[in-house]
Amino acid sequence: MDTQDEILRKGHYACPGCGLAIAMRLVLRAVGRKAIAVIVPSCEAVISGTYPFSALEVPAFHSAFAIAAPTAAGISRALKIRKETDVTVLAFAGDGGTYDIGLQSLSGAAERNEDFIYVCLDNEAYMNTGIQASSSTPPLSWTVTTPKGKVEKKKRLMEIIVAHSVPYAATATIGYPQDLMEKVKRAKEFQGTKFIHVLTPCPTGWKMKEELTGVIAMLAFETKVFPLYEVINGEIYRITKVPKGLPVRDYLSIQGRFSHLSEDEIEKIQQEVDIEWERLIYLAKRHEKV
Amino acid sequence: MKKHGLFDEIMPVSKTPTSAHKTGLWGNLKPLYKEATSPCRESCPLNTDIPLFIFHMKEKDLKRAKEEILLENPFPGISGRVCHHPCEDACNRRELDSSVSVRALERFLGDYPFYEVPVSENRSPKKVAIVGSGPAGLSCAYFLLRLGHKVTIFEKESDVGGLLLFGIPPYRLPKNVLRRDLHVLLALKPQIRLNFELTGDNIFSLLGSFDYVFLAPGMGESKRLQVAGENKKGVYYGVQFLKEVKSIEDEIRRAIVIGGGDVAMDVARTIRRLKPDAKVSIFAPEKVEDLPALRENVAEALEEGIDLICGYLPLYFEGKKRIEAVIFQRTEVKKDEKTGKFLFIPLNEKREEAADMAVVCIGQKPLEASKLREIAEEEGYILVDHRGRTKIERIYAGGDIIGQKATVSLASSSGKRAAICIDMDAKRLDLPLDELYVGSKGFLSFKKYLKLEKKETRKVVGFSDLNTLPHEKIPRVDAKKEEPLERLKDFREIGYTYTKEEAEKESDRCLSCGQCMRCNLCFYLCPDVSIRRKADGLYEVDEDYCKSCGVCAKTCPSNVIEMVEKDGGAFIR
């Protein structure tokens, strides 16, 4: 019944329980068949197929690690020249390709307000190469490069993007698929650079049972660790769903990457999450007053 | 064509679909959709599939919702008003915020104008006599008729309904609701013989002209206190009072009701209506929290200005011809852990209460035991086995006379049990009864008997089995009630049926335990695109690509997915 909406094919090589494959599938369903995808080295590159296989039913271009955004910009401009204005250009990159290696080129494309949807599939480390920390890895989290827990904070990527005054930026999670797909459809309505930051739990790198992918994504939201909101024109913040505010312990305790945490450290994370949430509320209310 | 060729020469293009890889070989498990039993249904004496009828309501298919109820419960309009709703006490949602108002939803459907039920084909129908037309007798008649048997109902009074007719005042159960619910049964054309007096002899003559007899005469007599002064003028008894008293003498100023059950509440509330200027007090032996009456009935009695004094039993009545006062003794009620019986322990404190009228509502007992001596035990109760059979062949019994807790739904449940067991006996079906149970409480399901049940009825879904993260806290929608002062003016029903909007809002609160609500989370959260939606809204699994991750099963809010071995046998992961 839904097969005509399905753009991600079966038989791809994602690990069992992969959150990223769920996100790609949902984003592609929401965008539809009139689309061209850009893929850069990452788990997405594996999922979308190694030569000669393809998991996508729309054309996809494998580009270099650092240039997801400019590649999409180029394709988008070429389509405009050919007057094919009904085709959506979609850039998929991981947190490594967005937060770290692709940040400079993304900034340039966003500054020029190139017309594409950029989807950051954030699994909070370089999972494809073997779980090395990225600037998206949350503090105190274990990775192979941070065996005692990461010292640095998680980069506030959304604020960097928002600082470019892009027409639409939003966070989404696979835990709430309807919300995710609605945001992708909303992004399609805007001209210019649209940015969607999707939290994609990774059972392998987060050291948890495969079956927990969906539940952990919901918990990330409900504990306020990953709030759902959107920002229009770099100005108007809107919280799209209000979390229950469960203790972060519920989220941390079922992930092996946080199993070394002491009570004090969990408390510290709780405090930081609460501060970040207050900050988001401040940003959302600031607009209401104007 | 040429362009494509050129492109291929510049760089490699992947053209083979990944579906060539049967990634399902990576794992040996697959999701199995198997709906199971909800705790509300398990605790319902009538086994109504509550999450299923609520699911139909969510889908806005009220006809199917009512059909679903009528499959297990002949009188949703009645039980939607007066049931003691064990379903709400068992509701998983209590752990989240508060239970779903199942009874109010049932009432809403009870009032929905759809009254047709199918009758099974029966090539050798039996003739069954049903004695007593209270909830047990009517329920037995209903299920026998649906099974294609011929039923004659014998009733002592001049109208059918038994306790439903005269034991529950119209402000809780209006007569037109009773008639409307009975309409479903009457459309199945039972024979009805009114003004029939049951005696020991005519039971046996019934056995001559009928294949089976079902006895549900109810409790004919009120229990007496056995204290001094009980015979004085002004002392009445609960059910007889409700049945016979239509007005109260002018000079009555102070009425006392003795007892803590629903009859006591109903008597007190009836007196309030018949004589609004009299002071009415209820004296109950139990503590407030242990009163056997329905919580709603107690709360409404208090709202209507009735005093409730707990922890007292009467010692004697004072007065000349007419009572002038009741002397109470402070009493503690304790449950004997071994026998389960209640012990009344007198405490050293007396209390005198002036009264010119007292109504004793301490329970009912069987009427004139001697009439049924061959069947009944010494006290007049009729003992039955787990199939509802008495010690005499072809005679079954149910309702209050078998000594169970006196509630409408338990009585209806015993009538249903007898109907199913009579049908099995008639068809020489040797089916163990536990195959018809849903859950572990020992109540029979008619749906299961008709082989229409699709759910796993042994597994009961608990709160911890559910993924409740997608559910928000939502306040319970309570149906509106008439203002207390307005209520006292007459005997009109005080509660309102949900509006359509209220019913929709409340049905959305159901967690749908063990019942697939087509939320699509399993479908959207399958990383391997291996779950497909079928035209009927249900799902199927593509084993060739399912990698056995189990995300669907773990994420399911209703716990209807279980990971099981694939048909192809075990693979090593």
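The values are calculated or read from the model by the stated rules, or taken from the named source; none is laboratory data. These numbers come from a predicted model, not from an experiment. As a convention, Cβ positions derive from the backbone with ideal geometry for all residues, glycine included, and neighbour counts pool all protein chains shown. Just so you know, the surface numbers come from the protein's heavy atoms only, side chains and all, with ligands and any DNA or RNA stripped out. Shrake-Rupley method; radii C 1.70, N 1.55, O 1.52, S 1.80 Å.
Among all positions in the range A:47-63, there is at least one residue which is at pLDDT 95 or above and assigned to a helix (DSSP H, G or I). In this structure, A:G17 does satisfy being within 11 Å of chain B (Cβ to nearest Cβ), within 23 Å of A:I131 (Cβ to Cβ) and in contact (Cβ under 8 Å) with a residue 40 or more places away in the chain. Limited to the range B:427-447, what total is found for residues that are of a type outside the set (S, T, N, Q), closer than 12 Å to B:N47 by Cβ and touching a residue at least 40 places away in the same chain (Cβ under 8 Å)? Here the count works out to 8.
The set of residues in the range A:207-228 being at the interface with chain B (Cβ under 10 Å from one of its Cβ atoms) and in a loop (DSSP other than H, G, I, E, B) consists of A:K209 alone.
Only one of the numbered conditions (1) at pLDDT 95 or above; (2) over 30 Å from the mean Cα position of the chain (by Cα); (3) away from every other protein chain (no Cβ under 14 Å) is violated by B:D567, and that is (1). A count restricted to the range A:20-44 and to residues that are open to solvent by 10 Å² or more (accessible area, probe 1.4 Å), over 26 Å from B:K534 (Cβ atoms) and within 11 Å of another protein chain (Cβ to nearest Cβ) stands at 0. Taking the listed residues B:E543, B:E493, the one that is open to solvent by 20 Å² or more (accessible area, probe 1.4 Å), in contact (Cβ under 8 Å) with a residue 60 or more places away in the chain, within 14 Å of another protein chain (Cβ to nearest Cβ) and assigned to a loop (DSSP other than H, G, I, E, B) is B:E543, with no other qualifying. Annotation note: of B:E352, B:E332, B:E374, the sole residue that is assigned to a strand (DSSP E or B), more than 28 Å from B:F491 (Cα to Cα), of a type outside the set (V, I, T) and over 31 Å from the mean Cα position of the chain (by Cα) is B:E352. Within the range B:515-527, identify whether any single residue is open to solvent by less than 10 Å² (accessible area, probe 1.4 Å) and of a type in the set (F, W, Y), and answer yes or no. Checked the range B:515-527: at least one residue is open to solvent by less than 10 Å² (accessible area, probe 1.4 Å) and of a type in the set (F, W, Y). All of (1) in a helix (DSSP H, G or I); (2) under 30 Å from B:G462 (Cβ atoms); (3) open to solvent by 10 Å² or more (accessible area, probe 1.4 Å) hold for B:D97 with one exception: (1). The combined condition, being away from chain B (no Cβ under 13 Å), open to solvent by less than 30 Å² (accessible area, probe 1.4 Å), part of a helix (DSSP H, G or I) and at pLDDT 95 or above, is fulfilled by A:K183. When the criteria are applied in full, B:A535 meets the requirement of being at the interface with chain A (Cβ under 8 Å from one of its Cβ atoms) and either modelled with pLDDT under 95 or in a strand (DSSP E or B) (or both). Looking only at the range A:118-143, residues that are buried (at least 24 other Cβ atoms within 10 Å of the Cβ) and more than 21 Å from A:I216 (Cβ to Cβ) come to 1 in all.
Condition check ((1) buried (at least 17 other Cβ atoms within 10 Å of the Cβ); (2) closer than 25 Å to B:I402 by Cα; (3) modelled with pLDDT of 90 or more) across all residues:
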position: B:A301; (1), (2), (3): yes, no, yes
position: B:G311; (1), (2), (3): yes, no, yes
position: B:Q329; (1), (2), (3): yes, no, yes
position: B:K335; (1), (2), (3): no, yes, no
position: B:A354; (1), (2), (3): no, no, yes
position: B:E368; (1), (2), (3): no, yes, no
position: B:R373; (1), (2), (3): no, yes, no
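To keep it simple, each residue is scored yes or no on (1) at positive phi; (2) modelled with pLDDT under 95; (3) open to solvent by 10 Å² or more (accessible area, probe 1.4 Å); (4) assigned to a helix (DSSP H, G or I).
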position: B:I130; (1), (2), (3), (4): no, no, no, no
position: B:S139; (1), (2), (3), (4): no, no, no, yes
position: B:F143; (1), (2), (3), (4): no, no, no, yes
position: B:G148; (1), (2), (3), (4): yes, no, yes, no
position: B:V151; (1), (2), (3), (4): no, no, no, no
position: B:K156; (1), (2), (3), (4): no, yes, yes, no
position: B:L165; (1), (2), (3), (4): no, yes, yes, yes
position: B:L173; (1), (2), (3), (4): no, no, no, no
position: B:V177; (1), (2), (3), (4): no, no, no, yes
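Identify, please: which residue in the range A:2-14 is surrounded by fewer than 20 Cβ atoms within 10 Å (Cβ to Cβ) and either more than 9 Å from chain B (Cβ to nearest Cβ) or at positive phi (or both) and is, among those, modelled with the highest pLDDT? My answer is A:D5.
Summed over the range B:438-467, residues that are exposed (fewer than 15 other Cβ atoms within 10 Å of the Cβ) and among the hydroxyl-bearing types (S, T, Y) total 2.
Among residues of the range B:476-490 being more than 23 Å from the chain's Cα centre (by Cα) and either on the phi > 0 side of the Ramachandran plot or open to solvent by 80 Å² or more (accessible area, probe 1.4 Å) (or both), the one that is modelled with the highest pLDDT is B:E483.
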